[in-house]
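Worksheet: one structure, shown below.
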Amino acid sequence: MPFVELETNLPPERLPPGLALELCAAAADILGKPVERVNVTVRCGLPMVRSGSAEPCAQLFVSSIGVVGSAEQNQRHSARFFDVLTAKLGLGPERIAIRFYPLEPWQIGKNRTVMTFL
C-alpha cells in the first residue's frame, strides 16, 4: 500500500488537470503495485525554499512496504519518478527532491486492523 505525497510551491493553475490520478498510475507502475492500493496526495501553493531559492520547486515523499528499502531499488524508482515530475510540472531535476520511506506491514492500518494481518 504505497503512499505518495507531492508538495510544491506551484500554484494550482500551474498543475496539469488530473495530476493526482496520473501520479497514482505512474507510482503503481514504477513501484509494481496495483493502482487500487496506491494513495496519492498533492499539495500545491505551499511556501517552499529549495537550495536557498523560492523559485518553483517540488518534493515527493514515497513510502511503501517492500519496494523502497534499498539504494538499488530507489535509484531505479528515482529516475522514473524524476521523468514523470519533470514532464508534468515543467521543473528541472535540480528543483525536485524525493524522499523514500520503507514501511513495515504493522505500520499501515486498513479495514480496522494492520496490514500484518491481512
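The values are calculated or read from the model by the stated rules, or taken from the named source; none is laboratory data. Predicted model, so just to flag it, every value in this text is computed and none were measured. As a convention, Cβ positions derive from the backbone with ideal geometry for all residues, glycine included, and neighbour counts pool all protein chains shown. Note: areas computed on protein heavy atoms with side chains; ligands, DNA, RNA excluded. Shrake-Rupley method; radii C 1.70, N 1.55, O 1.52, S 1.80 Å.
Structure above, values below:
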read-out: Subset tally (residues that are in contact with a strand residue (DSSP E or B) (Cβ under 8 Å, 6 or more places away or on another chain) and either surrounded by fewer than 16 Cβ atoms within 10 Å (Cβ to Cβ) or within 16 Å of C24 (Cα to Cα) (or both)) for segment 101-118; value: 6
read-out: Condition check for E72: in a strand (DSSP E or B) and either crowded, with 18+ Cβ neighbours inside 10 Å or not basic (K, R) (or both); value: no
read-out: Of residues in segment 32-63 being open to solvent by less than 30 Å² (accessible area, probe 1.4 Å) and in contact with a strand residue (DSSP E or B) (Cβ under 6 Å, 6 or more places away or on another chain), the one nearest to T116 (Cα to Cα); value: S63
read-out: From the options P34, P102, P17, residue that is free of Cβ contacts under 8 Å to residues at least 24 places away in the same chain and under 15 Å from F3 (Cα atoms); value: P34
read-out: The lone exception for M1 - which of (1) part of a loop (DSSP other than H, G, I, E, B); (2) modelled with pLDDT of 95 or more it fails; value: (2)
read-out: Of all residues in segment 4-31 being of a type in the set (D, E, K, R) and part of a helix (DSSP H, G or I), the one that is surrounded by the most Cβ atoms within 10 Å (Cβ to Cβ); value: E22
read-out: Tally of residues being farther than 18 Å from A20 by Cα and without any contact (Cβ under 8 Å) to a residue 12 or more places away in the chain across segment 77-99; value: 3
read-out: Any hit, segment 82-97, residues being open to solvent by 60 Å² or more (accessible area, probe 1.4 Å) and touching a strand residue (DSSP E or B) at 6+ places or on another chain (Cβ under 8 Å); value: no
